[in-house]
1. Check B:177, B:154 and return the single one that is under 16 Å from the mean Cα position of the chain (by Cα) and farther than 25 Å from residue B:85 by Cβ.
2. Residue check, residue B:124 against (1) under 20 Å from residue B:77 (Cα atoms); (2) without any contact (Cβ under 8 Å) to a residue 60 or more places away in the chain; (3) out of contact with any helix residue (DSSP H, G or I) (no Cβ under 6 Å at 6 or more places or on another chain), all met but one. Which one?
3. Given the conditions (1) farther than 30 Å from residue B:251 by Cβ; (2) within 14 Å of chain A (Cβ to nearest Cβ); (3) surrounded by fewer than 21 Cβ atoms within 10 Å (Cβ to Cβ), and given that residue B:37 satisfies all but one, which numbered condition is not satisfied?
4. Considering only the range A:2-95, give the helices (runs of 4 or more DSSP H) lying wholly within it that have at least 2 residues that are more than 23 Å from residue B:76 (Cβ to Cβ) and free of Cβ contacts under 8 Å to residues at least 24 places away in the same chain.
5. Which residue out of A:101, A:44, A:57 is under 28 Å from residue B:114 (Cβ atoms), out of contact with any strand residue (DSSP E or B) (no Cβ under 7 Å at 6 or more places or on another chain) and either within 14 Å of another protein chain (Cβ to nearest Cβ) or surrounded by fewer than 20 Cβ atoms within 10 Å (Cβ to Cβ) (or both)?
6. I need the full set of residues from the range A:27-41 which are farther than 16 Å from residue A:116 by Cα and touching a strand residue (DSSP E or B) at 6+ places or on another chain (Cβ under 6 Å), in order please.
7. Yes or no: residue A:96 modelled with pLDDT of 95 or more and more than 14 Å from every other protein chain (Cβ to nearest Cβ)?
8. Among (1) surrounded by fewer than 17 Cβ atoms within 10 Å (Cβ to Cβ); (2) in contact with a helix residue (DSSP H, G or I) (Cβ under 8 Å, 6 or more places away or on another chain); (3) at the interface with chain B (Cβ under 8 Å from one of its Cβ atoms), there is one condition residue A:90 misses while meeting the rest; what is its number?
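The values are calculated or read from the model by the stated rules, or taken from the named source; none is laboratory data. Quick caveat, the model's predicted, so the values are computed rather than measured. We place every Cβ from the backbone using ideal geometry, glycine too, and count neighbours over all the protein chains shown.
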């Protein structure tokens, strides 16, 4: 069985770094650097896990929450992991209420992230190395 | 879902965040630091820290420790934004401190990753969670103090063992419980008690922070009594770390302080409310060393 993971982060280096770590024989990793591109992929592909940063434009907006809502409406089978470099209880609260599977405040340890993705049913190299 | 499984699920999924509340030096209006406070999702066991950390908690001790460590981690991750502006006051349960050897490397790594020097961290120990081995705790604190950490005795005045803790733990700060601050302007007995405790703490080398200041009258009374520091809703409700780095936050903190200062010393402080934003802009560059 093959899985698709979508990583959304406005820092390309982060997105590509995670892609390299998570990609495997059964896992295809797609990336997007903005919400418009992310929504386009969510519409056209069957994504198992959406892994998104919350602040995607570097402003105080929380575009990650908008993506979470979009995913819940358009592709309810997609599980969502949200991450942020600016921990905020109000955002955490919303993420929980809207049905995010995981919420992480950065920096996130890679083994924690890979375990989360693994728990959502997607095998990955990191979780196999560190069961 | 049992209390344990609910805590475990929320911890695993990362739903623990922190809000911060400023602590103000009453003589200058400067921010001394920010206390980090745990926040969990509403309608869950983490919505009120008392459900987990309180005396009636139904959560296993080892899980309370795991949650405590997760809260400290969240405090460091978000608190790194505030370190340039003041000290980071972080609550750690006595039970976690008593087993600090298990967590020390984890905390060290977190501090390194977040770029926070131990000297910027004040560990708050609540009087609500006591230990029967104050000497052991005292030795642990001495070791941590050598690394640069400082300590605050939280909720002082609530428990019977307060003086014992004050003696053994030698905290740099003593946080007076809000019960003594509530309506202090109307109670000569509270004023006498707060002034006496402050004088005693000063003699012992600890600085007093009054908790739970909620209005101008309470603040004014504390300033008249020469209490060194205070925190409470009057200076702002707990907010995300990023909020406290903004200019709006500087105004939030300074406005009540200027108002009280003006009432206390009408000739020494600015008369014009309009000057507040100008002054705050200047004061945002306070030397915090």
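1. B:177
2. Only one criterion is unmet by residue B:124, namely (2).
3. Result: residue B:37 passes all but (1).
4. Qualifying helices (runs of 4 or more DSSP H): A:12-22, A:35-44.
5. A:57
6. Selection gives A:28, A:30, A:31, A:32, A:38, A:41.
7. no
8. Of (1) surrounded by fewer than 17 Cβ atoms within 10 Å (Cβ to Cβ); (2) in contact with a helix residue (DSSP H, G or I) (Cβ under 8 Å, 6 or more places away or on another chain); (3) at the interface with chain B (Cβ under 8 Å from one of its Cβ atoms), only one is false for residue A:90: (2).
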